[in-house]
Amino acid sequence: MSEYRVDIVFPCLNEAGALPWLLGRLPEGYRAIVVDNGSTDGSAEIASSAGATVVHETRRGFGAAAHAGLLHASAAIVAFCDADASMDPQDLPLVVDPVAAGEADLVLGRRRPTTAGSWPLHARIANTTLSWRLRRITGVNIYDLGPMRAARREDLLSLDLQDRRSGYPLEVFLKAAARGWRIREVDTPYAPRVGRSKVTGTVRGTLTAIGDMSRLLKEAGR
Ligand SMILES: Nc1nc2c(ncn2[C@@H]2O[C@H](COP(=O)(O)OP(=O)(O)OP(=O)(O)O)[C@@H](O)[C@H]2O)c(=O)[nH]1
Ligand SMILES: [Mg+2]
């Protein structure tokens, strides 16, 4: 048994500018697992000197990092959060508490921008379209496939997750829905990231994410 109640997985690719703030804002009883994906800006060193557990994942990709974090975790509940300071770890109880209370099996944070610049238009459009498809496919009332989420560790492991790229969060959702998990969406504040945009902040990153996700949706027979 872990001495921590919650392990938070932070996939991290060159987030040196965000980590000190982030790791200073962990709720009580939460442990940070920073999964470094070959950062070249000293992210791993910064994370470990701030007291985080650092896991090195050589295989590139958001899913590869997220999954390595899950495999390393030992707490009963595992939460995921981006490491770019767009989301505040102090808000993690919003997604963790319903799981801890046994009221939900998967809680997803719906991103609510704190300023107009937090969320670029192309990313919002892609997300609105995706959410609409997901509601139609699964019947789950979801409006955003956001990066902040929580579930029980054993449950997540039982999903036998395969995606190691940007489809990972979608695979979690689709499998959870197919198994009839109680999925809940809660509002979570979303601020402009610190540092350079990598995935949906760039049009290229968004297109890659759409490609990864479309493949999964097709495989799911939709
Ligand atoms: N380990 C790992 N982490 C990644 C990779 N790509 C992105 N990340 C991390 O995953 C999180 C989400 O990536 P972001 O770059 O914030 O993606 P986004 O929020 O869609 O778009 P932007 O914030 O605009 O870049 C961040 O903590 C990144 O550091 C990757 O290939 N490997
Ligand atoms: Mg981001």
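What do you reckon, is Glu45 away from ligand 1 (no atom under 12 Å from the Cβ), closer than 19 Å to Leu23 by Cβ and not small (Gly, Ala, Ser)?
Numbers: away from ligand 1 (no atom under 12 Å from the Cβ): yes; closer than 19 Å to Leu23 by Cβ: yes; not small (Gly, Ala, Ser): yes.
Against the criterion (away from ligand 1 (no atom under 12 Å from the Cβ), closer than 19 Å to Leu23 by Cβ and not small (Gly, Ala, Ser)), Glu45 qualifies.
For segment 150-191: of the residues being open to solvent by 60 Å² or more (accessible area, probe 1.4 Å), in a loop (DSSP other than H, G, I, E, B) and farther than 19 Å from Glu103 by Cα, which is farthest from ligand 1 (Cβ to nearest atom)?
Ranking the candidates gives Asp160 first.
Here's a check for you: in segment 149-199, which residue that is out of contact with any Lys or Arg (no Cβ under 9 Å at 6 or more places or on another chain) and of a type in the set (S, T, N, Q) is nearest to ligand 2 (Cβ to nearest atom)?
Ser197
Select from segment 7-23 the residues that are away from ligand 2 (no atom under 15 Å from the Cβ) and either of a type in the set (Phe, Trp, Tyr) or under 16 Å from Leu71 (Cβ atoms) (or both) and list them in ascending order.
Scanning segment 7-23 gives Asp7, Ile8.
Looking at segment 93-111 only, could you name the residues that are in a loop (DSSP other than H, G, I, E, B) and either touching an Asp or Glu at 6+ places or on another chain (Cβ under 7 Å) or among the aliphatic types (A, V, I, L, M) (or both)?
Of everything in segment 93-111, those that are in a loop (DSSP other than H, G, I, E, B) and either touching an Asp or Glu at 6+ places or on another chain (Cβ under 7 Å) or among the aliphatic types (A, V, I, L, M) (or both) turn out to be Ala101, Ala104, Asp105.
At least 2 residues that are closer than 22 Å to Gly146 by Cβ and modelled with pLDDT of 95 or more in each: list the strands (runs of 3 or more DSSP E) lying fully within segment 12-92 that qualify.
Output list reads 30-36, 77-80.
Among Ser49, Ser43, which is of a type in the set (S, T, N, Q) and buried (at least 19 other Cβ atoms within 10 Å of the Cβ)?
Ser43
So Thr208 passes all but one of these: (1) within 16 Å of ligand 1 (Cβ to nearest atom); (2) farther than 26 Å from Ala18 by Cα; (3) assigned to a helix (DSSP H, G or I). Which condition number does it fail?
Thr208 satisfies all of (1) within 16 Å of ligand 1 (Cβ to nearest atom); (2) farther than 26 Å from Ala18 by Cα; (3) assigned to a helix (DSSP H, G or I) except (2).
The values are calculated or read from the model by the stated rules, or taken from the named source; none is laboratory data. Just so you know, these numbers come straight off a predicted model, no measurement behind them. Backbone-built Cβ (ideal geometry, glycine too); neighbour counts: all protein chains shown. Just so you know, the surface numbers come from the protein's heavy atoms only, side chains and all, with ligands and any DNA or RNA stripped out. Shrake-Rupley method; radii C 1.70, N 1.55, O 1.52, S 1.80 Å.
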